[in-house]
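Okay, structure first, notes after.
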Amino acid sequence: MKLTQTKIILFSALFFTIFDNFVFFTKTYNEFHSISFLIATGVVLSAVYVLVFSLLFNRWIIKPFLMILFLASSAVAYFMQTYGVVIDDKMIQNVIETDTKEAGDLLNLTLFLYLFFLGIIPSFILYRIEIINQSFKKELIDRIKYILGSIVVIVGVLFIFSKTFTSFFREHKPLRYNTNPAFYLYNIGKYVNNKYIKKPLPFKQIGLDAKIKNTNKPKLIIFVLGEAARYDHFSLNGYNRNTNPLLIKNNVINFPDVHSCGTETAVSVPCMFSPYDRKDYSDKKAKSTESVIDVLNHAGVNILWRDNDSGDKKVASRIKNYQDFNHAKNEKFCNESGCIDEVLFVGLQKWIDEVNNSKPIFIVLHTKGSHGPAYYKRYSKKYEKFKPVCKTNQLQECKKDEVVNGYDNTILYTDYILDKTIKLLKQNSKKYQVAMYYMADHGESLGENGIYLHGYPYFIAPDVQKHPASVAWFSKDFDINQTCIRNNANNSYTHDNIFSTILGLVGVQTKVYNPNKDIFRKCYNNKK
């Protein structure tokens, strides 16, 4: 088969519009209930693709670039249709920073079928097409015709449906986030620009004046960093299932109204440990500024970060005691799919015992928690209490109850992990004032309104993705008034509070500590 470049551009544009935009057309129809407007949006979208491709592609790059787009767009179509995700720049960052085991949890036959029919087949057909070699003048004339024709079509359709398109652009902006490949290409460009093209910021050290406040008994604090644990599936928050039987017995302090900095780990983790509020936060600023972990390090605190999730996101990259358990070799807690969170306790007491000074100890346990979609892989068989369980990563193929059952089992297992943390702390309470502080990085969608997992753009994300669970536990001799904390536990907090709260808990004095953001500021026995 022989085709001109312009014909290849036209057919490719039509293919992307018709076969890769099911989610976009479905959501557009659900908003406007008009077949004619649906056709109009398809015509405009196709014309936009023709216009852009005509401006960018030439004889040498048209095939390889379109093949890459076919493959990428087929995968994007699958994830958008299956999990209801939006591929913005934060999701691009998530994809780049995820590890192979997390990526493996997303592989399945349906994804391969999307790749085969929407990616491989059109790529193969394109590969077999012979491009007609026209003269420069003829090719230029054809391009001009296509470019002008696209502009005329876009302007004409927008004019005919002007009232509806006015509403579309002004009041239904999120609909555009579902255009494929337009939106993810825009966000790849945004990500590349922010990360690689913009001039990097000079690295900023903070808290160099940090020092430890003297106490009669040193502190041992374990910060458990949770994953995808939404507050409303904790029985501590009134959930109708007993997902926190052990935490209730431990009389923990529950914080029911905490909101996250982001809806994905790649944003929430560096943000909560950074000195920046959510409104001021950017990945570039976080990567070029020291975190609260660095401030503790400046003060001489004994720090250990143990990771069983997706890494520290550069938060703990400058400390000596960073231990990665994502690829640990442990027959009891690990298999080819990864490790369950109990692996984080292997050798932990030994590490504590080997600390040979009287300075505070601050340990971060970064857990796999409720990481989806393979919830059933996040806990041992003993904690599969709620049945039947969805045992596939294609959540949309399971009944809602099966998805929720699997997720609730991860919360039950988290309850056990937190109880295990408290027990370890109690074992060390003769030597240390001990405390546990648990904070999840974000929440999770479980199929509500066809949305699964997390990672939605923050301003349109459902509350369950932005409302994580959080609890704390303190030994009786910890230098804090627990009654005071309980009286303030129902206040509204965010990840913006974490930076100064950690400094306050550990007892580090520094100019970067902001008492107004310390959740416990009113409750220390010796006020900061």
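The values are calculated or read from the model by the stated rules, or taken from the named source; none is laboratory data. What you see is a predicted model; the values in this text were computed from it and never measured. Ideal geometry is used to build each Cβ from the backbone, glycine not excepted, and the neighbour counts take in all protein chains shown. Calculation scope for accessible area: heavy atoms of the full protein, side chains included, ligands and nucleic acids excluded. Shrake-Rupley method; radii C 1.70, N 1.55, O 1.52, S 1.80 Å.
Hey, of (i) 49, 24, 22; (ii) 63, 32, 21; (iii) 34, 30, 22, which did the structure itself give for semi-axes √(5λ) of the Cα gyration tensor in Å when calculated?
Evaluating semi-axes √(5λ) of the Cα gyration tensor in Å on these atoms matches (i).
Keeping the other protein chains in place, figure out the carbon and sulfur percent of the accessible area of segment 418-502, with a 1.4 Å probe.
Details: 1380 of 2950 Å².
Roughly 47 percent of what the probe reaches on segment 418-502 is carbon or sulfur.
Quick check for you: with a 1.4 Å probe and neighbouring chains kept, what is the accessible area per residue of segment 94-182, in Å²? Spell out each step's value before the answer.
Values: 5590 Å² over 89 residues.
Dividing the accessible area of segment 94-182 by its residue count gives 63 Å².
Which value at 222 nm does the chain reach when only helices count, each DSSP H run of 4 or more adding -39,500 (n - 2.57), with the total divided by all residues and rounded to the nearest 500 deg cm²/dmol?
On the way: 20 runs with 224 residues, N = 528.
Per the formula, -13000 deg cm²/dmol.
Using a cut-off of 14 Å between beta-carbons, work out the net charge of the residues near Trp473 (Lys and Arg +1, Asp and Glu -1, Trp473 not included). Present the calculation step by step, with values, prior to reporting the outcome.
Details: positive: Lys219, Lys249, Lys420, Lys423, Lys426, Lys476, Arg486; negative: Asp415, Asp419, Asp477.
Charge balance near Trp473 sits at +4.
Would you mind working out the magnitude of the charge dipole of segment 430-528 relative to its Cα centre, with +1 at each Lys and Arg C-beta and -1 at each Asp and Glu C-beta, to the nearest 20 Debye?
Charge dipole, segment 430-528, about its Cα centre: 680 debye, nearest 20.
Kindly report the accessible area of segment 225-307 per residue (heavy atoms of protein chains, probe 1.4 Å, no ligands, DNA or RNA), in Å².
Normalised by residue count, the accessible surface of segment 225-307 is 28 Å².
Tell me, what % of the accessible area of segment 103-177 is carbon and sulfur with a 1.4 angstrom probe?
After summing per-atom areas, the C and S share lands at 73 percent.
Using the alpha-carbon centroid of each, what span in Å lies between segment 147-207 and segment 459-527?
38
How much accessible area does Ser288 have with a 1.4 Å probe, in Å² rounded to the nearest 10?
My reading of the accessible area for Ser288 is about 10 Å².
About the Cα centre, and with charges only on the beta carbon of Lys, Arg (+1) and Asp, Glu (-1), how big is the dipole of the chain? Nearest 20 debye, please.
Using Cβ point charges on Lys, Arg, Asp and Glu, the chain gives about 1020 debye.
Rolling a 1.4 angstrom probe over the protein chains, ignoring ligands and nucleic acids, what is the accessible area of His371 in square angstrom, nearest 10?
Around 20 Å² of this residue is reachable by solvent.
Going toward the positive end of the dipole of segment 192-330, with +1 on Lys and Arg Cβ and -1 on Asp and Glu Cβ, which of Leu236, Leu225, Leu304 do you reach last?
Farthest along the dipole direction, towards plus: Leu304.
Under 30 Å between C-alpha atoms is the cut-off here; go through segment 29-188 and count lysine pairs that meet it, provided they're at least eight residues apart or on different chains.
Eligible lysine pairs with Cα atoms under 30 Å apart amount to 9.
Give me the percent of the accessible area of segment 228-342 that comes from carbon and sulfur atoms, probe 1.4 Å, all protein chains in place. Each step should come with its number before you reach the end.
Values: 1870 of 4300 Å².
C and S atoms contribute 44 percent here.
Holding the Cα-Cα limit at 29 Å, pick out from Lys213/Lys314; Lys27/Lys399; Lys359/Lys522; Lys284/Lys320; Lys27/Lys387 the pairs that are longer than that.
Checking Cα-Cα distances, Lys27/Lys387 exceed 29 Å.
Dipole size in debye (nearest 20) for segment 396-454 around its Cα centre, Lys and Arg Cβ +1, Asp and Glu Cβ -1? Don't skip to the end; give the middle numbers.
Values: 7 positive and 9 negative charges, 142 e Å.
Value, rounded to 20: 680 debye.
What order, most packed first, do the peptides 115-121, 91-97, 276-282 have when packing is the mean number of other Cβ atoms within 10 Å of each residue?
91-97, 115-121, 276-282
Taking Cα centroids, how far is segment 1-68 from segment 119-137 in Å?
16
Leaving out ligands and nucleic acids, note down the accessible area per residue over segment 361-456 with a 1.4 angstrom probe, in whole Å².
For segment 361-456, the solvent-accessible area averages 33 Å² per residue.
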